[in-house]
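What follows is a short report on a single structure.
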Amino acid sequence: MLTRPLLLLMAVATGLTVGGNYVNQPLLDTIAADLAVRQGTAATLVTTAQVSYGLGLLLVVPLGDLLERRRLLTVLALLAAAGHALCALAPSFAVLAVGTAVAGLFSVAAQVLVPFAAELAEPGRAGRAVGTVMSGLLVGALLARSVSGLLADVAGWRAPYAVVAAALVVLALVLHRRLPVSVPERVGGYAATLASTAALVRSEPRLRTRALLGAAGFAGVSVLFSTMTFLLAGERFGLGEAQIGLIGLAGAGAAAAASVTGRLADAGRGQLATGAGALLFALAWGALGLSASGAVTSLVLFVVGYALVDLALQVVHVSNQNVIYPLRPDARARLNSAYMTTYFAGGALGSAVGSAAWIAGGWGAVTLAGAVLTAATLALWLVDVRVERRARPAARRVSPAGAGAR
């Protein structure tokens, strides 16, 4: 039974575990200077976090359909804490990169929690549960960027990593005490679990279209996340760490959008929400492109664009999750693994493209990359609309009696 306090705990846990991957974003310029590396090299920390998170999605999240979930989540939180502690103590960029990879790999606890919430929810309320947990994830990411910048401004760039490490240890203890014991239906050993994840990708067309749609959207957002610090800290704006971190609060409205999107999904309007989110990406990159034009209102335009990007991503992402979880209710963790692995592969690609675009052509090249990925997002949404329409007649032809006869 998913009580309100338990749902809020899961939302907080999701926000903290994922938020730890974002603490480096307002710190990249300072890290580059302190550890004597180029800005482009420092930006690879964003890619490292996303690649390792993607590996965790592929190799760790399927364990949610195989192992007892409370124990699994406790262990994952402790391992992520160890990664952040290593970052806080890192004497060199190489060690910092290793700590970032460890923290990213095990912070996928969040993606065990999201389908777990859908499973515990009452019938007809899974969308709201997913939306609430995803709101926690977004708030965690926003606070991580903002608080990280403020802490670094006061106590140095290592302080945010130390705080996250300590908070994750406390979270592990709370999860162990409060989460219900949940032993999933076993699907075989670890190798069989991974193989069945690949089989789901082959057998579910909408899992494929929604995963690619999410990947394109997150790639566009990652182009922004991996480069915005250099734009804002540069000559055009000249902002410090704390100011850059506070800009992250502009996306706070997206937390409410995640919950609203979940309700729309429960009401059967998830496809409409996805299309609206894809169009918001286009508006966002229009504002972001104009923000470096030299106009007096350019910083305002950047903040507006940033807020719209966060809003669009959450609308698309939550509607995607509410499409894929009902495909196979007995395999939610594996569905989420396939979806989120693709999603974060897109994010890793986007952050790498963003870094390369910044080096090659500055903000103009970054904006062009964002626009191309936005066009891909819109195209994939239209593909998914067609796939859904083709699936409807087949679904109507399958009667309960016919299903039972097979």
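The values are calculated or read from the model by the stated rules, or taken from the named source; none is laboratory data. As the structure is a computational prediction, the values presented were derived from the model and not from experiment. We place every Cβ from the backbone using ideal geometry, glycine too, and count neighbours over all the protein chains shown. Keep in mind that these areas ignore ligands, DNA and RNA; they rest on the heavy atoms of the full protein, side chains included. Shrake-Rupley method; radii C 1.70, N 1.55, O 1.52, S 1.80 Å.
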Ordering of 223-231, 34-42 by burial proxy (mean other Cβ atoms within 10 Å per residue, highest first): 223-231, 34-42
Å² per residue, accessible surface of segment 191-232 at 1.4 Å: 26
Portion, in percent, of the accessible area of segment 27-148 that falls on carbon or sulfur, probe 1.4 Å: 69
Most fluctuating residue given options ARG69, ARG210, ARG389, as computed from a GNM of the chain linking Cα atoms under 10 Å: ARG389
Charge dipole magnitude, Cβ of K and R +1, D and E -1 - the chain, Cα centre, debye nearest 20: 1480
Accessible area (Å², per residue) of segment 286-391, counting only protein heavy atoms and a probe of 1.4 Å: 37
ILE247 accessible area, assembled protein chains, probe 1.4 Å, Å²: 20
Accessible carbon and sulfur surface of segment 280-347 relative to its total accessible area, %, 1.4 Å: 74
Over the chain, relative contact order from alpha-carbon pairs under 8 Å, at least 6 apart, %: 25
Extension reserve of the LEU249-ALA33 stretch, reckoned as 0.36 nm per residue once the Cα distance is removed: 75.2 nm
Probe 1.4 Å - accessible area at GLU122, Å² to nearest ten: 90
Probe 1.4 Å, accessible area per residue of segment 1-153, Å²: 33
Pairwise centroid distance, computed over Cα atoms, of segment 300-378 with segment 120-149, Å: 17
Segment 153-241, accessible surface, carbon-and-sulfur percent (1.4 angstrom probe): 62
³J(HN,Hα), Karplus 6.51/-1.76/1.60, whole Hz, each residue of segment 28-42, x for Gly, Pro: 4, 5, 5, 4, 4, 5, 6, 9, 6, 10, 5, 4, x, 5, 4
Cut-off 11 Å (backbone N to label point 7 Å along Cα→Cβ of VAL169), residues of segment 85-119: 85
Using a Förster distance of 51 Å, the FRET efficiency for ARG263-SER92 (Cβ separation, nearest 0.05): 0.60
Rounded, prolate or oblate (a/c below 1.5 giving rounded, otherwise prolate when a/b exceeds b/c) for the chain by Cα gyration tensor: oblate
